[in-house]
1. Could you list, bin by bin from short to long, the percent of Cα-Cα pairs of the range D:274-405 in 10 Å steps?
2. Along its principal axes, what span do the Cα atoms of chain D show, with the longest given first and each in whole Å?
3. In vacuo Debye scattering of the range D:463-550, one point per C-alpha: log10 I(q)/I(0) at q = 0.14 Å⁻¹?
4. Where a Cα-Cα gap under 12 Å defines reach, which aspartates and glutamates qualify for C:Lys109, not counting those fewer than 8 residues away within the same chain?
5. When the gyration tensor of the range A:2-80 is built from Cα positions, what are the square roots of 5 times its three eigenvalues, in whole Å, from largest to smallest?
6. Which value in nm describes the separation of the simple spin-label points at D:Leu435 and D:Lys503, placed 7 Å from the Cα toward the beta carbon?
7. Of D:Lys444/D:Lys494; D:Lys65/D:Lys169; C:Lys11/D:Lys340; D:Lys25/D:Lys97; D:Lys106/D:Lys137; D:Lys169/D:Lys201, which sit over 20 Å apart, Cα to Cα?
8. For A:117-124, what's the mean count of beta carbons from other chains sitting within 10 Å of each residue's beta carbon?
Amino acid sequence: MVNITINGKVVRATEGEMLLDVIRREGINIPTLCQHDALEPAGNCRLCMVEITRTEWDGWKKYVTSCLYPVEEGLIVSTHTSELHEIRKTILDLLLANSPHSDVLQKMAEEYGLHKTSYEPNLEGDNCIMCYACTRICEVLGKSAISPVMRGHEKVIAPPFGEEPPDCIGCLACAHICPTNVITWTDENLTRTIWKKKFELIACEKCGKATISRDFAEYLIEKRGLPKEYFNTCDDCKRVELAQKMGALVDKAKEVAL
Amino acid sequence: MKFQFEVKPSLCTGCRTCELACAFSHTRDKKPGRSRIYPIAYAPDKFVPVACLQCDDAACVKSCMFGALKRNETTGAIDLDRERCVKCMACVAACPFGCALVDEGHDNEIVKCDLCGGDPACAHFCPTKALVYKKIG
Amino acid sequence: MTQTDMTKLDKIFNNNPQSPGSLITVLQDIQREFRYLPREALEKTAEILNVPLSKVYSASTFYAVFSLKPRGEKIVRVCKGTACHIKGADIILEQLESGLGIKAGETTKDLKYTIELVNCVGACALAPVMLVNEKYYGNVRCDRVMKLVEKD
Amino acid sequence: MRIDSIDKLAAWRDECRKRLDSQKKKVLVCLGPGCLAGGSDKILEEFHEILSKKKITDVTLEAVKKTGCHGFCAQGPLVIIEPEGIFYTKVKKAHVKEIIETTLEKGELVEKLLYKERNGDGTDHAIVDYHDIPFYKYQKRISLRNVGQIDPDRITDYIAAGGYSALAKTLSSMTPQEVIDQITKSGLRGRGGGGFPTGRKWATCAKIESDIRYVLCNGDEGDPGAFMDRCIMEGDPHSILEGMIICAYAVGSREGYIYVREEYPLAVINLQNAIDSAREHGFLGENIMGTDLCYDIKIARGGGAFVCGESSALMKSVAGEVGEPRAKYVRSVVKGLHDKPTVLNNVETFATIPVIINEGADWFASIGTEKSTGTKAFSLAGKVKNTGLVEVPMGVTLRKIIFDIGGGALKDRKFKAVQTGGPSGGCLPEDKLDLPVDFDTLTKAGSMMGSGGMIVMDDRTCMVAVARYFLGVLVKESCGKCVPCREGLYQLHKLCTKITKGKATEDDLNLMENLSRVISVASLCGLGQSGPNPFVSTLRYFRDEYMAHIRDKKCPAGVCRELITFNINDQCTGCLACIAACPVEAITGEKKKLHVINQDLCTKCGSCYEVCNFDAVDIK
């Protein structure tokens, strides 16, 4: 265990823990866009920056991204100085310039007193803030169907050659994790379309309700050794099935231990 | 200490109090959550309350590629870490008992029975004691 | 891709360890052999090195030396280093672009010329510098640009 | 021959020296990048061609050899005749015959090819021996000691010049700790730009428990305007290898890479040759020089990404990935390539190591200043007379480098600023010229040492346009991972462009200043953190010039095209030169009559201004 000071309060933390986790555990609100617990921290959005110093640094201080900074004994952390306010505001201002239509960004910027971007807005902006959450989650899944393409300001997130990504299994993790809801998909009847690729959705054997994509189910079956038949029916029908099985047991035993 | 649900279907009237209790005990943002338990009729007028069995070798845990489902060593429940969940619905599709659910009222979050941290509201409020949460062993 | 191309590709794979760590080296070898990165070659690379195709594509677009499109017989590179810049590299480029009718990074339709920009070729003493394939031209004057390009 | 014991090296060296000494006259043809572009490869061929047919006493074919960059690129192509040090400049293929007949056969000088130094009264005098030329006289060469002196492809040349003796000394008489102590004591700081103490880096790496450690050399000389490392890699590759092997011994590494940028194909070839021949002779591979040391080096080629000069990005690139930096709260010396402890030093640093080992830490520390010891190589370019490669003791003034060595601004125009440190550095004005050049002084003045690019700018260089240029480079080279760098530099560049077009307001300037501060504290890696420097430093010293663009909509240097016009005044003699030079046929006129520029056609390229010998072209 180590002791650190956050905004004047001494806090205990476990060695190896990241500052952001400790700060949030203390109930302090720090905005983030690229952070997600299912992902390794990346430090892309820079919103979680905090100021750190130590007594022996003699007044010298530096700014670090708390999502990536492991706690150290004796660290003195400030999370809401005026300089940090300015940093976060500027970052949101820059993001808003490139994605002026994003309601998520607009809302965050409002909290910093920013009603519109100070820069020339890119009216064709697609709201993508290049946090890599989508590509990172796809990598965690073991697929890496999409990736950052090009570099610098031209960078976009895209499938290889801008076409249907061969490795995509239509799980929608990328779309769900996207903080600015850029990645769109459609589910029509039993067909899911994402990244221009079409997927068959499994229809419940009993009621016909669509569940997950067949490719995703097959991937889970193969990767995690799950029985194939688990995926044949939808959750509603499976619950009814369970009730019936329990009922059958009741008729025998009158009492069932769940 | 281990606890277990004891279900007496003969006492279950299908009154849905358990459902209500569950939904309200999982209220967030002033909106009750989707219930994790349902009394289901297995025959005319015969009901049984169905909820997560907290399986030993749980399909939901296996199906989660992001490590969002983990056994809570204190309560014995398989808890969903909402911060890690990406709502890919793998667990909903994989649970052989249909007990991982989607909460439409809360932005399609995945929900499942967490034993209310050790004191399940459903059992607490069951008027007929068809559902009892009990120490075993 | 023709059979000969496939043989060339196989040779590249055999000359490098077939692991993800060889990705950049393999791509460089392919580019050297084919003068660009053919799509099929990238797909094959992903398969042989066991790297997701998206990562192969990502690397191919990240590094400036790689080209996903066939390039011209003559690659004309304009140095955009500091020394060249202050000695008028922009004007050299303009002359070149209007002379060949293409922009930097593009290739003429007849696949004869490609214009590329390079950061600094390290021949700053000769600024402004232009290269036609491997041949350096120093102290380039803007009214001579096209003559140099069309030489040989 | 494989050197399988320390003793064997000395015997081999004697042999190599004898052989060299037997060559009474040597002809060195510079094949550095500058001279090569002037066709020096053809000159070398011509020498061989003629001399293979003609026998001349004291001159063997072997004694005519290619070398790496000799340094004085502005005078290239260069041919040097040793032992006299006769320095022939601007040599053409056609001159070769004359050099052979006059100098090699008769022992006389070819006057017209000698270097001419301008006297105070405007006349010239020739200097024969290059050591006497001011450009060379004030230099002290340590890392460049062999560059331009030896044939990089011949290991025997390197051996004769004392090569691998430092390695022999290390292996035979020093413990790894003693090596680290020597380097620490020498005060050597990383030549790549950051100036981190090399000894401390090695010590940290050696201390970490690990089965594997890497020693990497950064040859990704990305700063536009810098070519020192290129010249060492091309001209003296063994000195880098020797430095790396000594480091491998000191920190306990078995494997290393040299990361070379793609734009330097010759460096890759020469390094590969050097590695192969070092391996063949027992300096690399298993049991180096018959000892227990095993270390081998591979070349990793870069892909044309400036950001890969950043250590964590470089390591990712070596590992075959996209070169995006990671936050270095755990330093790469602790967790570097493949997450193993890694020493990464640049080319010049490694090339300096053997000299420190041989001459001793105290000797090295006695050169330069207290906190910046030794010498530093610079590539002098831009609007300066004597462009080329120079190496001087730390602590000499900028003025000495630019005026005494560099000869001052080109065409005797007014010096305006010097840019050091590449895109991450800054521009220093005239009144900073007396600052001593060392790591800390340059940083304090708002620029930085960087890897050693030094670009001279005159009064025809617009500082706003320079800032815009560097920002443009950085926008293109940003990896795009973190917001402040990707979006911030993009906006900064856009605003700077607005200024050069005369469309910006003072509010824009304020916005830029604020934005710059945030970019430098909030960016993930050094590229972003130092990204605003070109803007910040030019604004600091040339605010007037910014204001002229903003308030008066004028570009005082006559560069920003939206703000200038070209006109021909009555100084015009009607010589037709500008008409011939104009690429868009915007100038009309007849011989001996005043020429006129058609403003509708004029693209403001400045060609007419450059060719006019009568100051008849006005830029306003």
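The numbers here are math on the coordinates, done by the rules we state, and not lab data. Worth saying up front: this structure is predicted, and the values here are computed from it rather than measured. Ideal geometry is used to build each Cβ from the backbone, glycine not excepted, and the neighbour counts take in all protein chains shown.
1. P(r) over the range D:274-405, rounded to whole percents: 10, 25, 31, 29, 6, 0.
2. Computed over the Cα atoms, the extents are 77, 66, 40 Å.
3. With one equal scatterer per Cα and no solvent, log10 I(q)/I(0) is -0.40.
4. Here the aspartates and glutamates satisfying the reach criterion relative to C:Lys109 are C:Glu73.
5. 20, 14, 11
6. With each label point 7 Å from Cα toward Cβ, the separation is 3.4 nm.
7. D:Lys444/D:Lys494; D:Lys65/D:Lys169; C:Lys11/D:Lys340; D:Lys106/D:Lys137; D:Lys169/D:Lys201
8. 3
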